[in-house]
1. Mind ranking 159, 486, 253 by accessible surface for me, highest first, 1.4 Å probe?
2. How much accessible area per residue does region 221-369 have, in Å², with a 1.4 Å probe?
3. Does region 42-114 classify as rounded, prolate or oblate by the C-alpha gyration tensor (a ≥ b ≥ c root eigenvalues; a/c under 1.5 gives rounded; else a/b over b/c gives prolate, otherwise oblate)?
4. Where the accessible area of region 242-284 is counted over protein heavy atoms with a 1.4 Å probe, how much of it, in %, is carbon and sulfur?
5. What is the local net charge at residue 532, summed over the other residues whose Cβ is closer than 13 Å to its Cβ (Lys, Arg +1; Asp, Glu -1)?
6. Mind checking region 80-178 for GluC sites (Glu not before Pro) that DSSP puts in a loop (not H, G, I, E or B) and that have at most 15 other Cβ atoms within 10 Å?
7. Which net charge results for the neighbourhood of residue 143, defined as the other residues with beta-carbon distances under 12 angstrom from its beta-carbon, given Lys and Arg at +1 and Asp and Glu at -1?
8. Search the structure for amide H atoms under 5 Å from the amide H of residue 494, placed 1.01 Å from N in the peptide plane, and list their residues when 5 or more places away or on another chain.
Amino acid sequence: MKKKWEKNWIAPLLLLLLVAICLLTVVLRSNQSSLSKPFPQTITGEYSRDGETWYPLDDNADLDALDGDLFLRGHFSYDIFDGGRLYYYQNHIGVTIYLNGELLFFNTISAYEKEGLALEPSVCGSRWDYIMSPGITTEDKVELRLHNPHSHGNSSAYRDFLNTLYNSPDTSYILVSYLKPYSLPLQIAGIVLIIVALMLLGAALTSRLMRVPLGGSLWEYGLLTLFMGGFVILDTVGFSFVSELVVFNTYARQLCIMLAVYCMGLSVCDTLTGKPRKTANAAMLLSALLDGILIVLSFVGVTVIYDTGFYWMASQMVLCPLLIGCTAVEWHHREKKSRIILLFYMFLLSAVLLDIAGVGQSIYSHGTCTKSVFALLFVLYAAGAVKNIAIDRRASIQAGQMERELEDSRIAITLSQLQPHFIYNVLNSIYHLCARDPKLAQEAVDKFSDYLRNNMKSIEQKEPIPFEEEFEHIQTYLSLEKIRFRTLEIIYDVDVVNFMLPPLTVQPLVENAVKHGVTKKWGGGSVTISTRETGEAYLVMVIDTGVGFDPERYSEDSKVHIGIKNVRERLQNMVNGTLSITSSPENGTTAVITIPKKEVGSNEDHRIG
């Protein structure tokens, strides 16, 4: 059965192999295979600057477009069949072509130059163009005149023209496909940047409408990303095939890079402080003024925007080093962890300077250094954002867990203050007072109800409270204990009350001082509650002259001191405070609560906030 199955597959495999061979043979024999990509064309001959003195056209030829017109004569290296297209990249230059002494072609820039007319925005631009061939052979004599109407900015335009001559049939599809690897990745990257920019700007607008203070940096990052994305898309070599958009392409590309660098400067200013920030802000104001003047001049027709590039680049040659210097000064005043953002901006500003100097520039990409550095920083920022989201999620989970622990802590503290023996003792004392001193018994009932009410209220209290509220609760508790223990001495030494602390923070310490300190000492003792203010913190001290305790035994006796444990945790979690306790049989016990001022302000500050 197995052998029969193998024989049944031999015929289909042979048939498939035969089909593949036939298809390959047809493709190789057809002309279509030679048209799968544009065919590079070259000119063999001479060049001249004045039309009189001629030099060999080779790799050492002086083709600087800023040195005036360029004259070429010679022969094409390959035939161009009748109806075919000769493509070339026109970088703001005029092109005139003669074939065997007769005018074959001249573009609009050459026409304006011949008529002595000023350039219009619709004329000047960088784009791909082509010449329809009447049938040109390698024996035909070809003469070209290349004209640069600008005095700066496109020194490589003539060489770009000669390096981008391509033979192609009467369709631009093949050349577009050939250039797609150069343009498609950048177009995709630009689209991604614009999408991210719109998200950032949408978040900034939403925060503004909802009055959520996210700061102005979100607007700056969004605009910077938007303009960089626009520049990346408009600068791709394939985009210039749309000849109808040559004006939009030229103007929008220049405006995008101008505004991107300006937003970059604003972002740098936001990271600076003191004198560096004032200096940078003044420089950015002057830069905005110059940019505005250049934009207005180009839009009212005084000049084309391409000619404003020289003055803009000159201003950036001053502005970028100045911002780098301000960032370097700020560097020395920052902690190591906060220096990374300054380093990023220094790299980005340096990349702008490299691009102005022409490093890495070609017909396929301008601003190569800025694009590369910005792309790197964008990826790093994106990775950082993802990391921060994960950290925020973990922090949110921890915050929820901490809140539950604080809730349990509040309940535990409250229940620890409501021990049955204390309630029974207070009620028993009130019972005996009813016969001996009814008025005092009435006052004791009132204070006892306040005490119970404040303890139950603390369960619902999730935020720090004014010390005055805690102090009133302590006084209520001690007044009840004073009824039971007449030898108990209470001292109040309160210097400051205008600060916040977690509820039921001091009261458990006072109760421990009474219950485990003073009442166990023969002859009684005193409990002192005092507050002090230092330059950095508020201090609350509970001092008793009781019997003291053994610190080693204290760490094991969690049942007796559960209130102190919860107080320490709540201080740390809610106000970053601390609790320290010292004790000895000779001197009694001292508990000190320390609350940093930077964590919790005064009552007035709390109410305003």
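The values are calculated or read from the model by the stated rules, or taken from the named source; none is laboratory data. No experiment lies behind these values; they were computed from the predicted model shown. Cβ placement follows ideal geometry from the backbone for every residue including glycine, while neighbour counts extend to all protein chains displayed. Only protein heavy atoms, including side chains, enter the accessible area calculation; ligands, DNA and RNA are left aside. Shrake-Rupley method; radii C 1.70, N 1.55, O 1.52, S 1.80 Å.
1. The residues order as 486, 159, 253, largest area first.
2. Numbers: 6700 Å² over 149 residues.
It amounts to 45 Å² per residue over region 221-369.
3. On the way: a/c = 1.59, a/b = 1.13, b/c = 1.41.
Oblate, since a/c reaches 1.5 and b/c is not below a/b.
4. Working: 1150 of 1770 Å².
Result for region 242-284: 65 percent of the exposed heavy-atom area is carbon or sulfur.
5. Values: positive: 597; negative: 493, 495, 533, 536.
Here the charged neighbours net out to -3.
6. Details: sites: 102, 113, 115, 139, 143; in loops: 139.
Those satisfying the criteria are 139.
7. Around residue 143, the charge tally is 0.
8. Answer set, sorted by chain and number: 531.
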